[in-house]
1. Could you give each residue of the range 321-329 its phi-based ³J(HN,Hα) in whole Hz, using Karplus coefficients 6.51, -1.76, 1.60 with θ = phi - 60°, and x for Gly or Pro?
2. Which one of Val377, Leu366, Phe349 has its Cα pushed farthest toward the positive end of the charge dipole of the range 343-416, where Lys and Arg give +1 and Asp and Glu give -1 at the Cβ?
3. How much FRET efficiency would the formula 1/(1 + (r/R0)^6) give for Ala101 and Glu427, where r is the Cβ-Cβ distance and R0 is 45 Å, rounded to 0.05?
4. Residues with amide H under 5 Å of Val180's amide H, sequence separation 5 or more or different chain, H placed in the peptide plane at 1.01 Å from N; which?
5. Residues with amide H under 5 Å of Tyr11's amide H, sequence separation 5 or more or different chain, H placed in the peptide plane at 1.01 Å from N; which?
6. Of all beta bridges DSSP finds with both residues in the chain, what is the antiparallel percent, to the nearest 5?
7. Under the Karplus relation 6.51 cos²θ - 1.76 cosθ + 1.60, θ = phi - 60°, what is the ordered set of whole-Hz ³J(HN,Hα) values for the range 44-55, x standing for Gly and Pro?
8. Read phi for every residue in the range 497-503 and hand back ³J(HN,Hα) as whole Hz from Karplus 6.51 cos²θ - 1.76 cosθ + 1.60, θ = phi - 60°, with x for Gly and Pro.
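Rule-based calculations on the coordinates, nothing more; no lab input. Since the model is a prediction, treat every value here as computed from it, not as a measurement. All Cβ positions, glycine included, derive from the backbone under ideal geometry; neighbour counts span all protein chains shown.
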Amino acid sequence: MPPYYLTTPIYYVNDAPHVGTAYTTVNADALARWHRLLGDDVYFMTGTDEHGAKIVEAAEAHGTSPQEWTDRTSARFVEAWKRLNISNDDFIRTTEPRHHAVVQQFLQQIYDNGFIELGTYTGLYCVACEDYYTPEQLIDGKCPVHGRPVIEMQEENYFFRLSAFEQQLIDYYAGHPEFVRPVSKRNEALGFIRTGLKDVSITRTSFRWGVPVPWDDGHVFYVWYDALINYLTVIGYGTDPERFASMWGAAHHLIGKDILKFHCVWWPAMCMAAGIDPPAEIFVHGYLLMGGQKLSKTVIAAGVVGEGVDARELNITDVSPLALADEFGVDPLRYHLLREVPLGGDGEFSFEGIVTRYNSDLANNLGNLLSRVTTVVHSKCAGIGPAPDPDSPLATRASEVLAAASEAWARWAPHEALEVTWRLIGEANAELEATEPWKMDPGPAVDAVLGSALEVLRIVAVLAAPAMPETAVEIWRRIGMEGDPNAARLPQAAVWGAYPGGATVIKGDPLFPRRKA
Ligand code: MSP
């Protein structure tokens, strides 16, 4: 079993989970589930990033301590991901002792290797970004990202000698063409490196809410320098060398474009400085945007995060994935997050968009195929599913779809994997419309058509399981399959002909009742 280690960013606990963070998490989850279907030894982690000035500020604003605040908000992420059926193997909190130990060990190693030095830093700092800006980067004297005033900070800091890695990074990118994907993001990272790298300040003395610097008590590590190391903590850096050695070479990071610099420039340099390889791959996705949508009836029904948002335009961070799951169902929400916006580019998120896709893909296509087939199996075959036709034209299509879906998942294109899978569903529906088994007399011809449609449903359930794990189980149950499609193994599970004739088929309520816009 080849190892496959997949990570999401660890999310700040100054905010509740929102549709943006759910987008990353659901996409990573689907990919992890796909690799499990392939039989890979998958380790999938997510977690929360709990140190830094921003968290102290959020705790103060809510009249509580950083510890209480992080406990409370981290639990909201655990709960949200559970509800969205995220199959993470680990959930790391950066305030855990296991993480502190690894951060100290890793950064001590870099210090011992001579890449960390003491210096004085003066700069303009945005607390919301946890980052410094030069005066030229400010807009009207304010943070270009948050529009908030910046503070002038002077600190005696330890600096990471990032500048020493400029050429090594350029060489590494040249030798590893797929290190950062898609190529537009790779070019962005390389462009940044080529403009020249300055040393970065990596410790703070202005607050204590962080991991203490082991060689100098008065300092804590800057939040980003502690956060990135989480990727090492969960696979046993410093505690389980064998496990670390087997997993680290198979590390894939999925991140949003906002944190490209930290992951694609700082992080590989830190790895080099500590004497380990950079991760195998970093995939950078774009942003879900809301294009200034106002509250509509659907939005109110779906619910929003935060208070007082009704008076202004909505932002993605206002929208709760849990409220959306209540409104549309967990699997339809997951499907939408995977299908609508291709990973890698920016795209529009809208409530109308969910409804439209729900009706076309789920109610009219997949749901319709299942209810038609199960109904006709009852009227023409006494509820017993016939075996598939080995010569059905759908058999060739199914194997083409498996190949195309596999290829799409391999290049981080869940939307395409689902698109081709849904084409197969559409073709099975078209085949039923062409042959009209409901008008035929019971017999071998009806059996062949219905058996093949059942086989399509069996295969589709497996191929769609990474996106809609519960729906896949329900489809299998209704067509009379035993076992769990989430535990199936590809490619065997998608080979035409495995649907066993003679299974009891269950008629049920529509899986996806049509929705009004
Ligand atoms: N704590 C850091 C990450 C440290 S990783 C070592 C952080 N946290 S965050 O809570 O701000 O999460 C940022 C991530 O959330 C983005 O990289 C992206 O994955 C996701 N998204 C936040 N808003 C988003 C959108 N509007 N659209 C898509 N993804 C979004 O940065």
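1. Residue by residue, the range 321-329 yields x, 6, 5, 5, 5, 4, 6, 10, x Hz.
2. Val377
3. 0.25
4. Those qualifying (amide H under 5 Å, at least 5 residues apart or on another chain) are Ile282.
5. Gly47, Thr48, Asp49
6. Values: 22 of 45 bridges.
Antiparallel bridges make up about 50 percent of those DSSP assigns within the chain.
7. 10, 10, 9, x, 10, 9, 10, 9, x, 4, 4, 6
8. Values per residue, Gly and Pro as x: x, 7, 5, x, x, x, 7 Hz.
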